Amino acid sequence: MSRHPTLSVSGLSVDYPLTSGGLFRPARTVNAVDGVTFDIAPGETLGLVGESGSGKTTVGRTILRRVPSSGGRIQFEGRDITDVDGAALRKLRARMQIVLQDPYTSLNPRMKIGDIVAEPLLVHGLAESSDAARHAVRQLLDRVGMPADAADRYPHSFSGGQRQRVGIARALALKPSLIVADEPVSALDVSVRAQVVNLMQDLQRELGISYLFIAHDLAIVRHISHRVAIMYAGRIVEIAPRNDLYDNPVHPYTEALLSAVPVANPKVQRARRRIVHTGDTVDIANPPSGCRFHPRCPLATDQCRQASPPLLVKAPGHLAACWNRGR
Amino acid sequence: MTETLLEIDDLHVAFDTRAGVVQAVRGVSLTVGRGETLGLVGESGSGKSVTAQAMMGLIDVPGRISGGTVRWCGTPLVGEGVRRAPRNIWGREITMIFQNPMTSLNPLMTIGAQLQEAVRLHLGLRGAAARTRAADLLNAVGISGAARRLDQYPHEFSGGMRQRVMIAMAIASEPRLLIADEPTTALDVTIQAQILELLAELQSQLGLSIILITHDLGIVAGLCHRVAVMYAGQIVETGAVDTMFEQPAHPYTQGLIRSTPLLDACDDRLVAIDGTPPGLLIPPAGCAFQPRCPVATAPCGVPQVLTPTGTGAVACCRAGIDAWKVGAA
Ligand SMILES: Nc1ncnc2c1ncn2[C@@H]1O[C@H](COP(=O)(O)OP(=O)(O)OP(=O)(O)O)[C@@H](O)[C@H]1O
Ligand SMILES: Nc1ncnc2c1ncn2[C@@H]1O[C@H](COP(=O)(O)OP(=O)(O)OP(=O)(O)O)[C@@H](O)[C@H]1O
Ligand code: SF4
Ligand SMILES: [Mg+2]
Ligand SMILES: [Mg+2]
């Protein structure tokens, strides 16, 4: 099995309906994800970064087959899952789990923690008895560092970091090989963020899980990821092993992003030359022609305005989509 | 130090709730000098926003100022014996920008109308003069095509542009102190960088003082001269920005800095501060950080007093010990 990547996505596109079309009017759509290609090896973390609205959540949800794709293929553990449905899809969902950003709303407030974690086990018929389920839940809660009496309490009596641990325990219940973590620590305090990041790293080392780790915080992404992909306006503009990406960014947008992140070191931060781009975020309903970054790009040429740059290898394992960089 | 503009002395703010009295701010003292940027950081719920609201006279039921004073250039604004704050300070000499620009702009009024209203109110300008001034303000915050932009509504602006408009409104009265409560939290980093650059420029051009409330230590590092760290309603440490990052004295400050991953290094395991902050219904008698502190000892159970350090002050009887190295051993 490990000869295959855990996940392999090629040419994935997603269109959302913008207006409901009339009888003779084709529905207008927004192309939220455009030709996205990447894979994730067993036990690997791929970080996914990009502006708000660039399509990160959409990619994650499409992989989990919660949003229909309009083009491209998704392979999971060597099997094409783009079109599976029914019972096969249900079984598949046990192997791919999601952890969401908001620990305050992603847990049902009326369910006890124990029942929340047990639910997937029971739904998928993976616990022979309620005793077995209770035992499994105890182990899972213990594994994520929750107190022993947590199972009988309700979400409101726990802090954000603890609720996020419960979300992770729940995701782990079915022994998934892939977890899509959509901003799992964004809502947490800085000091608590580190707890959850450390926990996710420990679990990965122990269980060999793959993560698609979606986040805004570039420092956290560098810390937890093996490779990192940068999205801009629905496309991956750069993807590389983490140190290559952070130390030798190729794409002008990656460069702008990295130079804009404030560094928690006063001397370094005051001395940094910022690449402060004018221009605003993209309206994905009216994407720019050619390279979608061209209106904000200091290197843009006519070619950039006319044709979309392909994602090409610029160094070993380092791909970027830019006409003027890394040729 | 330069001339002190704002002075907060032993401020207490309480909220009367059904569950009891929440003691959100418990004896905060701070000063802000002319042209200075003070960073206010700390755990969520530690009382940063409530402190800022108190400075602006915005504490309303169920909240109340339960002790202490806020003075502006020596004149008391808030606190015992202050019936009514002098006019023309809040909203004029001291202004504030809030986290969510969409809720602070009126969606039914054009941007121009809102800016002109502010200019009329504070500078007494009307008609064409007000409109010109409004356009100047939009230019000052880096919005091009100001003349056309004035006639647009908030929804026609992006998040980053709305935040610029909020800054334009906040500097319309030519204030001397700007309080910015998480001014860029809702924005993308590239847009955030533009806004921060703008604040730094306005500061050097107008000699503005800024109180910057944020979770992001990187923002503090780049923009602030001094930092105050809050924990559970109290200031646990203050100091010059370089000192605070190089030699944080309080175990909480140390933990905060060590748990923040750096962009240029990634191999160490992050320091995680286990546990969560205490509830403020019955605040702990001693150091509020004690249950989470790796170097706590018996004396930590009594109230900690802010004691001067080289560039500020710290409230911890174990100050200066490398708490996380000791704790990890
Ligand atoms: N259900 C939907 N229907 C229509 N458009 C949608 C839907 N969900 C997302 N979109 C649009 O698709 C684009 C991508 O959204 P997505 O949520 O994937 O972005 P994101 O990168 O996750 O952003 P963020 O960082 O803000 O979470 C956005 O322009 C968004 O407005
Ligand atoms: N209207 C209110 N009623 C009751 N309690 C309140 C009210 N407003 C604030 N509090 C309490 O006061 C404390 C301090 O809140 P504050 O908003 O100042 O925190 P903060 O440091 O700004 O946090 P954050 O970083 O999350 O913005 C919290 O415990 C909060 O629950
Ligand atoms: S393709 Fe052109 S516009 Fe796009 S990033 Fe490269 S140089 Fe800039
Ligand atoms: Mg998202
Ligand atoms: Mg706040």
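To make sure I understand, if each residue's beta carbon is the centre and we count other beta carbons within 10 Å, what order do A:Met111, B:Met169 fall in, fewest to most?
Ascending Cβ contact count within 10 Å gives the list A:Met111, B:Met169.
When N is the residue count of segment B:34-78, what does its C-alpha Rg come to as a fraction of 2.2 N^0.38 Å?
The value comes to 1.28.
Which order do peptides B:214-222, B:182-190 fall in by mean Cβ count within 10 Å, highest first?
Highest to lowest by the protection proxy: B:214-222, B:182-190.
Please work out the FRET efficiency for the pair B:Asn88 and B:Leu206, using the Cβ-Cβ distance as r and a Förster radius of 22 Å; give the result to the nearest 0.05.
For R0 = 22 Å, the calculated efficiency reads 0.80.
With a 10 Å cut-off between alpha carbons and a GNM built on chain B, which of B:Val119, B:Val82, B:Val314 moves the most?
B:Val82
Kirkwood Rh, Cα Rg: Rg to Rh for chain B?
0.99
Can you put A:Lys112, B:Lys48 in order, fewest other beta carbons within 10 Å first?
A:Lys112, B:Lys48
Against the 2.2 N^0.38 Å scaling, with N counting residues, where does the protein assembly as shown land? I'd like the Cα-based Rg ratio to two decimal places.
Taking N as the residue count of the protein assembly as shown, the ratio is 1.01.
How many nm is it between the label spots at B:Asp60 and B:Leu108, if each spot is 7 Å from the Cα in line with the beta carbon?
1.8
What is the list of residues in segment A:57-78 whose amide nitrogen lies under 13 Å from a point 7 angstrom out from the Cα of A:His4, following Cα to Cβ?
It comes to A:74-78, nothing else.
Using a 10 Å cut-off around each Cβ of peptide A:182-195, what is the average number of partner chain Cβ atoms that fall inside?
Whole-number average of other-chain Cβ neighbours for A:182-195 is 6.
Decide, for chain A, between rounded, prolate and oblate: order the square roots of the alpha carbon gyration tensor eigenvalues as a ≥ b ≥ c, take rounded if a/c falls under 1.5, and otherwise choose prolate if a/b is larger than b/c, else oblate.
Prolate.
Quick one: in segment B:1-65, what % of C-alpha pairs are over 19 Å apart?
35
Based on the Cβ-Cβ distance from A:Asp115 to A:Arg28, what FRET efficiency comes out when R0 is 45 Å, to the nearest 0.05?
Computed FRET efficiency for A:Asp115 and A:Arg28: 0.55.
To the nearest Å, what is the center-to-center distance of segment A:32-67 and segment B:138-177, using C-alpha atoms only?
Computed from Cα coordinates, the inter-centre distance equals 35 Å.
Hey, could you get me the Stokes-Einstein D for segment A:219-327, Kirkwood radius over alpha-carbon pairs, 20 °C and 1.002 mPa s, rounded to whole µm² s⁻¹?
So the translational diffusion coefficient is about 146 µm²/s.
Take peptide A:158-170, look around each residue's Cβ out to 10 angstrom, count Cβ atoms belonging to other protein chains, and average those counts.
Counting Cβ atoms of other protein chains within 10 Å of each residue's Cβ and averaging gives 1.
May I ask you to sort A:Tyr104, A:Tyr253, B:Tyr231, B:Tyr153 by Cβ crowding, counting other Cβ atoms within 10 Å and putting the fewest first?
A:Tyr104, B:Tyr153, B:Tyr231, A:Tyr253
Run the reach check for A:Lys267 against lysines, Cα to Cα strictly under 26 Å, same-chain hits fewer than 8 apart removed. What comes back?
Here the lysines satisfying the reach criterion relative to A:Lys267 are B:Lys48, B:Lys325.
Note down the nm distance, to one decimal, between modelled labels 7 Å out along Cα→Cβ at A:Leu207 and at A:Arg153.
2.2
Give the long-range amide H neighbours of B:Tyr231: residues separated by 5 or more places, or on another chain, with amide H under 5 Å away, using H modelled in the peptide plane at 1.01 Å from N.
Under 5 Å from the amide H of B:Tyr231: B:Val236.
Please turn the phi angles of segment B:178-191 into ³J(HN,Hα) values with the Karplus equation 6.51 cos²θ - 1.76 cosθ + 1.60 (θ = phi - 60°), one per residue in order, whole Hz, x for glycine and proline.
10, 9, 10, 9, 6, x, 10, 4, 8, 10, 5, 4, 5, 6
Name the residues of segment B:145-169 whose amide N is less than 13 Å from a point 7 angstrom out from the Cα of A:Asn286 along the C-beta direction?
Under 13 Å, as judged by backbone N against the label point of A:Asn286, lie B:156-158 of segment B:145-169.
Cross-link partners among lysines for A:Lys112, C-alpha distance below 27 Å, same-chain residues fewer than 8 apart left out?
A:Lys91, A:Lys175
What ranking do B:38-45, A:204-211 get when scored by the average of other Cβ atoms within 10 Å per residue, highest first?
Listed from highest to lowest mean packing, they are B:38-45, A:204-211.
Work out how far the C-alpha atoms of segment A:1-158 reach from end to end along every principal axis, then list the three figures in whole Å, largest first.
Cα extents, longest axis first: 57, 40, 32 Å.
Give the average, rounded to an integer, of partner chain Cβ atoms located within 10 angstrom of each Cβ in B:249-262.
Partner Cβ neighbours, averaged per residue: 4.
None of the figures in this text is laboratory data; all of them are computed from the coordinates on show. The structure displayed is predicted, hence computed values, not measured ones. With ideal geometry, Cβ positions are generated from the backbone for all residues, glycine too; neighbour counts draw on all protein chains shown.
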